[in-house]
Amino acid sequence: MDVSIYRLRQRDILTVCVLGLLCLGVVMVQSAAMNVTGSVGWSWTERGTRHALYALVAIAAFFIVGHIDYARLVRPGARIWQQPFVWMLAVAGFTCVIVLVPGIGLEVNGARRWLPLGFVQVQPSELAKWAVVLFLAWWLTEQPVDLDRFWGGFSFTLIPIGLVCLLIVIQDFGTAALIGLCAVTMLIAGRIRWWHLAVVIPPAVAAAGWFVMHKEYRWRRMTAFLDPWAAPRAEGYHMIQSLLSFSTGGFTGRGLGNGIQKLGYLPEDTTDFIFAVVCEELGFFGALLTVALYLGILFVAWQAIRQKRDSFGRMLAFGIAAMTGLQAAINIAVATVSVPTKGLSLPLVSAGGSGLVITCAALGLLYSICRHRHEQEPAKAFDHEPDMEPISTSSLIVDSIWRDLAAKQPNGADAPGA
């Protein structure tokens, strides 16, 4: 019997959420980029047109990557330096180095974060954060070293991640913190020994604290969210204007295109504070819709984690969900003045070029995970002998319920409802 058309598959839900966020981003970026003119009609701005073109390229990247079997990214039996993920991380680290070189990296607002490549600018930190996710998904499941050992095992995992974060933190503390936080969640999901993390995390937090307090202006920016009105024309200005956007929007909003704060009052209205523009013009219901679309992506990732047979696909789905969910949560928390200003964009919604395309390509991998199914390798099966120690790094947190779920899942690729 055919499946009802009202029963969406996981990849269909993912597609609806991704396209919904992209469409919302095109409309809101265009609205935020509008200026006061003598015309009352809707007219496209240069910023809105450019973002719409990037969104079309991002949609193409999403579907192209989504139709590639994600398992082809792994080369079983190959040496470490022959794995594509290692080279991806190396290329990302190299671009993070050359962007710091004067004359090569493009400096905007006092920060050198972009590489000019003809008509487009590439942000190496965007490459780095997804390269870390792919690298850890492969590293934690293939286990090229003994990760139960600290020296010679777990330490090898931290070296490339730490170097990438150190290169990024020089110009972009927020993205470096995001990468570190996502890496920690993936390590926990990969069942890394707790005492390993207990040894590493306190020094990392202490180093981050020293980095912030070493410069007085950084400390003022980090603590301004506690009382934005203490410096209304300095560190607290962004936050106050964002709060005004929420207060004037109310439940129903002022109407699409009718926002006031975007007219020179709210800085970074098309990027870091795009969520405030959404709330002002579309109100509480617009904010609820935005959050619901992100929750839809997380739901699809969770279902893929529960149903996938191979550990690499499950860990990769977890990493993609963690990076997307954490970045969206931090951006919304910044817009609502719940955490310090971080300078992170809202995924798929904020104006961007390379970051938008790379994020859609990463979500295309999640589409591929939902589309293709692979059986767990015999050497990494979840059923262990009672006297054996459970594998610590090849399973996710859901391993405890896997035995009940495995018996209920249909076999074969692309089963209905999958």
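Working from Cα pairs under 8 Å separated by at least six residues, relative contact order for the chain is 27 percent.
Among 70-81, 238-249, 269-280, sorting by the average number of other beta carbon atoms lying within 10 angstrom of each residue, highest first, gives 269-280, 238-249, 70-81. Accessible surface for Asp12 stands near 40 Å², nearest 10, in the context of the full protein assembly shown (1.4 Å probe). Counted as membrane-span-like here are DSSP H helices of the chain whose alpha-carbon atoms extend 27 Å or more along the helix's own axis and whose Kyte-Doolittle mean is 0.0 or above; these are 10-32, 46-66, 194-213, 274-307, 311-335.
Computed over neighbours whose Cβ is under 15 Å from that of Ile64, the net charge equals +2, Lys and Arg +1, Asp and Glu -1. Charge dipole of the chain (Cα centre as origin; +1 on each Lys and Arg Cβ, -1 on each Asp and Glu Cβ, all else neutral): 320 debye, rounded to the nearest 20. Between Leu53 and Ile260, full extension at 0.36 nm per residue minus the direct alpha carbon distance yields a gain of 71.9 nm.
Lysine pairs in the chain with alpha-carbon atoms under 21 Å apart, 8 or more places apart or on different chains: how many are there? Lysine pair count for the chain: 6. Ignoring ligands, DNA and RNA, what percent of the accessible area of segment 63-118 is carbon or sulfur (1.4 Å)? With neighbouring chains kept in place, the figure for segment 63-118 is 66 percent. Modelled spin-label separation between Trp194 and Phe251, with each label point placed 7 Å from Cα along the Cα-to-Cβ direction: 4.5 nm.
Entry comment: accessible area of the chain is 48 Å² per residue, from protein heavy atoms only and a probe of 1.4 Å. Taken along its three principal axes, the alpha carbon spread of the chain comes to 73, 61, 41 Å, from the longest extent down to the shortest. Using 0.36 nm per residue and subtracting the Cα-Cα separation, the extra length available between Ala230 and Asp148 on full extension is 24.6 nm. Is the shape of segment 219-300 rounded, prolate or oblate, going by the alpha carbon gyration tensor and its root eigenvalues a ≥ b ≥ c, with a/c under 1.5 for rounded and a/b larger than b/c for prolate? It comes out oblate by the Cα gyration axes. The stretch between Leu163 and Ile80, if pulled fully straight at 0.36 nm per residue, gains 28.1 nm over its current Cα-Cα span. In segment 123-233 the Cα-Cα distances spread across 5 Å bins starting at 0 as 2, 10, 20, 20, 17, 13, 8, 5, 3, 1, 1 percent of all pairs. Can you classify segment 166-318 as rounded, prolate or oblate using the Cα gyration tensor, where a ≥ b ≥ c are the square roots of its eigenvalues, rounded means a/c under 1.5, and otherwise it's prolate if a/b beats b/c and oblate if not? Oblate shape, in that a/c is at least 1.5 and b/c is the bigger or equal ratio. Ligands, DNA and RNA excluded, the heavy atoms of Lys215 present near 90 Å² of accessible surface to a 1.4 Å solvent probe.
The values are calculated or read from the model by the stated rules, or taken from the named source; none is laboratory data. All values reported here derive from a predicted model rather than from experimental measurement. Please note: Cβ atoms are built from the backbone with ideal geometry, for glycine as well, and neighbour counts cover all protein chains shown. These area figures cover heavy atoms from the full protein model, side chains too; ligands, DNA and RNA do not enter into them. Shrake-Rupley method; radii C 1.70, N 1.55, O 1.52, S 1.80 Å.
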